[in-house]
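The values are calculated or read from the model by the stated rules, or taken from the named source; none is laboratory data. Keep in mind that what you see is a predicted model, and the values were worked out from it rather than measured. Backbone-built Cβ (ideal geometry, glycine too); neighbour counts: all protein chains shown. Only protein heavy atoms, including side chains, enter the accessible area calculation; ligands, DNA and RNA are left aside. Shrake-Rupley method; radii C 1.70, N 1.55, O 1.52, S 1.80 Å.
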Amino acid sequence: MVQGIFSWVDLVMTPIWLVLLYLLAYAIAHLKYRDHYLRKHFMWGLTVKFIGCFGFIAVYAIYYKGGDTFRYFINTSKLMEVVVSDPSQLFCILTSTNLSVADQLKIGLDTPLLLNDTTANYTVTRIAIFFGLFTLNSYIATSLCFAFASFLGVWALYRVVVYLYPYQYKAVTIPILYIPSVFFWGSSMMKDSIVIGFLGLLTYGIYKVYFQKNNILISLFMVVVSVYILSNVKQYVIMAYAPALIVWMSLGPLNRLPKQQRWIVTPILMGLAVAIIIVFIPIMEKVSQRYAIEQVLETAEKTADYIHRTTREGGSSYTLGEIEYTPLGIAKVFPRAVTVTLFQPFLYQVRNPVMLLSALESTVFLLGTFFILFKVGFFRFIGYIMNQPFLLMCLVFSVFFAFAIGISTFNYGSLVRYKIPALPFYGIAIIIPYMLYRTRTI
């Protein structure tokens, strides 16, 4: 599969676009940020993203000798040929959420290459085509554009923390910008790069529109585009994010109230948020039957059975024990599923070098969590979380997203990639309370 991916175009366009993207980043950093710390980490964070991009390409080309990223590029190349021969087809390709067999034949494809691709896969291809118009369809240069765009979204999430916690934000620089698995798996022509980037952009846009009420038109555009892209790439991310967002937006006005009044208003708003979520879930089920509760449970059961049958000998699968695929049965394994996603594999479970790196990272998260809970105190930690709606949103999203991934993946190799959207939010949720405790600012 690797053969035919790289060409002389990569040799020419890769250094050109690397320089162009760095120049653009330098201009953004020095025009927008007076703070030397922010300027420095804007550039360093982008550099780490590019390193992750090159590392990802090398691993998939040399070690795996293939993968989804190359399939996306093959589809992109075929459609680029159509665009070159008939530029009028570009609009149809970029605006369609998927191409039926008839559409593919209509625009001149000899075989229905995208017949088995989902809307999610085709969305990656569409974005790659857009970047490819400027990179002459260079795989590496296009991947760098994915990394750059993804970084801007992650940086947008970081900016929200800077706005909300101007005295504590430096402590979350590492969990937002420098988690190895995040900048490795989220920095190339993959769905994961798109998800983590637009998730950060969505959080930033909501904060600007709803809380700051600043640059409303631009910020609202960010929200709409982010929701559109995420719903096309990984709709379950929106499903996990929406309840957390409702909590944030419901409790957000508490920050404007005196501390004494918050204790009275908080239970009322929490009840309101729960009521909204209860009403929201059936609505989302009607919008997408694929994510109805019964369908989710059935899919999780089939996934577990398939992965256990296909990977048990490889040593990378895990189990949550006997699971009854009912709401009550799922609730029983909730803590185990969250633990697997956020803190596993453990070091004693390592079977290969890739698992070792993942285990080291998970161990840092586990020890860091225990350390913070010990230093702050469990109940005081919960108090900080409940008193800060944004932190509560981060915790709710990361925990429920971790649960969804943990109960449906059952393979550590996939788990390390699927869980990356939860990690920055979880890092924020555990580190900021510790910093608030240390500085006693609330």
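Can we say Ile129 is farther than 20 Å from Tyr22 by Cα, modelled with pLDDT of 90 or more and crowded, with 18+ Cβ neighbours inside 10 Å? So Ile129 passes the test.
Within region 8-34, the residues that satisfy the criterion of being loosely packed, with under 13 Cβ neighbours inside 10 Å, under 23 Å from Pro166 (Cβ atoms) and of a type outside the set (A, V, I, L, M, F, W, C) are His30, Lys32, Arg34. Within region 370-381, the set of residues being in a helix (DSSP H, G or I) and exposed (fewer than 15 other Cβ atoms within 10 Å of the Cβ) comprises Phe370, Phe371, Phe374, Lys375, Phe378, Phe379, Arg380. Looking across region 6-52, the residues that are among the basic types (Lys, Arg) and without any contact (Cβ under 8 Å) to a residue 60 or more places away in the chain come down to Lys32, Arg34, Arg39, Lys40. Here is a check on your reading of the model: is Pro421 within 24 Å of Ala331 (Cα to Cα) and crowded, with 17+ Cβ neighbours inside 10 Å? Here the answer is yes, as Pro421 does meet what is asked. Restricting Leu342, Leu366 to residues that are of a type outside the set (Asp, Glu), open to solvent by less than 20 Å² (accessible area, probe 1.4 Å) and either in contact (Cβ under 8 Å) with a residue 60 or more places away in the chain or under 17 Å from Tyr426 (Cα atoms) (or both) narrows the list to Leu342. Contact map, region 221-250: first residue open to solvent by less than 20 Å² (accessible area, probe 1.4 Å), second residue acidic (Asp, Glu) and at pLDDT 90 or above, Cβ cut-off under 6 Å, separation 6 or more or different chains; the map is empty.
The single condition among (1) part of a helix (DSSP H, G or I); (2) over 30 Å from Arg71 (Cβ atoms); (3) open to solvent by 30 Å² or more (accessible area, probe 1.4 Å) that Leu38 does not meet is (3). Of the set (1) in contact with a Leu (Cβ under 8 Å, 6 or more places away or on another chain); (2) open to solvent by less than 10 Å² (accessible area, probe 1.4 Å); (3) touching a residue at least 60 places away in the same chain (Cβ under 8 Å), all apply to Leu392 but (2). Among the residues of this structure, Ala402 counts as one that is under 30 Å from Thr69 (Cβ atoms) and open to solvent by less than 20 Å² (accessible area, probe 1.4 Å). Set side by side, the residues Gly55, Gly66 differ, and just one is assigned to a loop (DSSP other than H, G, I, E, B), surrounded by fewer than 17 Cβ atoms within 10 Å (Cβ to Cβ) and in contact (Cβ under 8 Å) with a residue 24 or more places away in the chain, which is Gly66.
Tell me the residue from Thr123, Thr118 that is more than 20 Å from Leu20 (Cβ to Cβ), at pLDDT below 95, open to solvent by less than 30 Å² (accessible area, probe 1.4 Å) and within 24 Å of the chain's Cα centre (by Cα), please.
Thr123
Among the residues of region 44-51, is there at least one that is modelled with pLDDT of 95 or more, surrounded by fewer than 18 Cβ atoms within 10 Å (Cβ to Cβ) and under 15 Å from Val154 (Cα atoms)? The answer is yes; a qualifying residue exists. Can you tell me which residue is most open to solvent (accessible area, probe 1.4 Å) among those in region 345-363 that are of a type outside the set (A, V, I, L, M, F, W, C) and in contact with a Ser or Thr (Cβ under 7 Å, 6 or more places away or on another chain)? This residue is Arg351. Of all residues in region 402-442, count the ones that are more than 18 Å from Val161 (Cβ to Cβ) and in a helix (DSSP H, G or I). Within region 402-442, residues that are more than 18 Å from Val161 (Cβ to Cβ) and in a helix (DSSP H, G or I) number 12.
Within region 132-161, the set of residues being part of a helix (DSSP H, G or I), among the aliphatic types (A, V, I, L, M) and either closer than 15 Å to Thr76 by Cα or open to solvent by 20 Å² or more (accessible area, probe 1.4 Å) (or both) comprises Leu133, Ile140, Ala141, Ala149, Leu152.
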